[in-house]
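Please read the structure below before turning to the comments.
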Amino acid sequence: MKFVIARLNHETNTFSPVPTPLAAFGPCFGPAALRDQQGARTAMGAYIALAQSIPGVEIVTPLAAMANPSGTVDAAAYDTMCESILSAIEAGCDAILLDLHGAMVAANAPDGEGTLLERIRRVAPMTPICVALDLHANLTRKMVENCDLIVSFKTYPHIDMFETGSHAGRLLWQMMQSGRQVAMRWRQLPLLSHTLRSNTTEGAMQRAVQAAEAAEREPGVQAVSVLAGFSLADFPDAGMSVVVVADEPAQADAVAQRIAAQIWRERDGFVYDSEPLRDSLERARRLAASPAGEEGSGPVLLLDHSDNVMSGGTCDTMDVLVGALEAGLEDIAMGPLADPAAVAQLIHAGVGATVTVDLGNKVALRQTGSPRRPVRLTGVVRAIATGELKVTGPIYTGSILKMGRTVLFDIGAAQIVVTEERVEPYDLGVLSCVGIDPGKKRFLLLKSRMYCRPVFMPLSRGLVECDADQGGPTSSNYKLFEFRHLRRPVYPLDSVLNMSSLPQS
């Protein structure tokens, strides 16, 4: 028995100016893909563990590829990776287990995952296929109609990647053993949710996931997934959806309808309104001044969600830092900030040197029309590091984080970690690798929405979400983006819709 197991992950921000060539995925092919993912806390890692537990299963791993969120995927890159998967399937197999994101937009395939699955079904019409998706997948009809079952993450920040793969793989194996096909039904809501409202530990999203988990305990229901969608992918199917796997079609359909209706009733709970940056920074000042014990101790987190790497940010905007300095905030640690040219200049000057450098704002944000100019700052080079560290978790535990050459630049009121690569701060090491003790700072300015929270929240007294007034590549202010391909009407861009407009599967 032969299982084809592959991973192809990309969340595409079509408004991001960051290119996405093949190299961005760091793709591993064939045996190298197996070595890369064996033991990994990913859905593909779970698939491999399942296959290895079944006697007589041959594992074929044509691809393991993941790129940080960025702009539209190059056509050549998409074709190369898809062909590697298709070639392995064309050689013959008994099951196909895919670890996909669900929000990939390629230059030649707006519905990246749907198109891939459609091509797979043409060459393997009867082979069982399971798919693990990110919670932020934009589910499409092509995806649903060209596989047997779909299961998505239930956490954001995402800490259940492996568990999702285990769930999907287990259901597929049970289906193969029983010889009985499962039923899958879905609903796509006319709702463009905000990423900051897809936190699964609070609010409407938490209640939706709890409803999904409760439904999974009903006899006959195998999997229920609530997908928040990724709204900065400008293509028709961006937005929220629900997909249910059950023994019987009628039951799957009823559960999908019930949970979709709950989400629709609470649709305002998925909408986020950014406050003016000045107001956010004033709240941060008051929080930092609160007595220890009232709000906890430690630094205040300033989360710059207008330039969030894991949503396609450039990691080089300066709006929030400039605002914080102008507001008189001090004892700030910021980072990482990606600026390869500045890194080279600072390393050339050497540790201890006083340097004036034009920092950040170097990647043009053509999509938002936001004017940008580097910020000239003078400071001291305090440390230089390789920028490579092992992630301690709970996200991407055990993986190697590569920031490129890294410099600590001290401008007095702020210490800035400047790197060559875009990096989401999901490990304390992004700061400690150059000697910063995060827990001893007054403010931590992090370009992140959620991934930093499991790591930095335990040592902080609280957080303040900050959005640049003039916008950034991942701003939560949808008015800054010109949606041309998104289906309309859709809430909240358009007026309130009736439940009767909810698409049926």
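The values are calculated or read from the model by the stated rules, or taken from the named source; none is laboratory data. Everything quoted here is computed from the prediction, not taken from an experiment. Ideal geometry is used to build each Cβ from the backbone, glycine not excepted, and the neighbour counts take in all protein chains shown. The accessibility values were calculated without ligands, DNA or RNA, using every heavy atom of the protein model including side chains. Shrake-Rupley method; radii C 1.70, N 1.55, O 1.52, S 1.80 Å.
Measuring with a 1.4 angstrom probe and ignoring ligands and nucleic acids, ILE59 comes out at about 40 Å² accessible. Taking only Cα atoms, what is the 0 to 90° angle, nearest 10, from helix 249-265's long axis to the longest principal axis of the chain? With rounding to tens, the tilt is 30 degrees. In this label model, VAL375 and GLU248 are separated by 6.1 nm, measuring between points 7 Å along each Cα→Cβ vector. Adding -39500 (n - 2.57) for every DSSP H run of four residues or longer, then dividing by how many residues the chain holds, sets the calculated 222 nm ellipticity at -8500 deg cm²/dmol. The angle between the Cα long axis of helix 277-289 and the main principal axis of the chain comes to about 70°, on a 0 to 90 degree scale.
Would you list PHE15, PHE29 from the most to the least accessible area, probe 1.4 Å?
PHE29, PHE15
Taking label positions 7 Å along the Cα-Cβ direction at both ASP410 and GLU388, the computed distance is 2.8 nm, reported to one decimal.
Given +1 on the Cβ of Lys and Arg, -1 on the Cβ of Asp and Glu, and no further charges, what dipole in debye does region 290-343 carry about its Cα centre, rounded to the nearest 20?
Rounded to the nearest 20 debye, it is 140 debye.
When the surface is traced with a 1.4 Å probe over the full set of protein chains, SER178 keeps roughly 80 Å² accessible.
Counting only protein heavy atoms and using a 1.4 Å probe, what share of the accessible area of the chain belongs to carbon plus sulfur, as a whole percent? About 50 percent, which is the carbon plus sulfur part of the accessible surface. Each residue was assigned an accessible area with a 1.4 Å probe, and for GLU388 the value is about 120 Å².
The accessible-area ordering, largest first, of the residues ILE120, ILE159 stands as ILE159, ILE120, per a 1.4 angstrom probe. Taking the Cα centre of region 185-321 as reference, the dipole from Cβ charges on Lys and Arg (+1) and Asp and Glu (-1) amounts to some 300 debye. Measure up LYS142/LYS402; LYS154/LYS441; LYS2/LYS154; LYS154/LYS447; LYS2/LYS402 against 25 Å on the Cα-Cα distance and list the ones that go over. Those over the limit are LYS142/LYS402; LYS154/LYS441; LYS2/LYS154; LYS2/LYS402. Starting from the Cα gyration tensor of region 71-183, take the square roots of the eigenvalues, sort them a ≥ b ≥ c, and report rounded, prolate or oblate (rounded when a/c is under 1.5, otherwise prolate if a/b is larger than b/c, else oblate). Verdict is oblate for region 71-183.
Let me check something: with ligands and nucleic acids excluded, how do CYS93, CYS433, CYS452 order by accessible area (1.4 Å probe), largest to smallest?
Accessible-area ranking of CYS93, CYS433, CYS452, largest first: CYS433, CYS93, CYS452.
Measure nothing but the geometry: give the 0 to 90° angle between the long axis through the Cα atoms of 112-123 and the longest principal axis through the Cα atoms of the chain, rounded to 10°. Computed tilt is about 30 degrees. The mean accessible area for residues of the chain, using a 1.4 Å probe and ignoring ligands and nucleic acids, is 37 Å² per residue.
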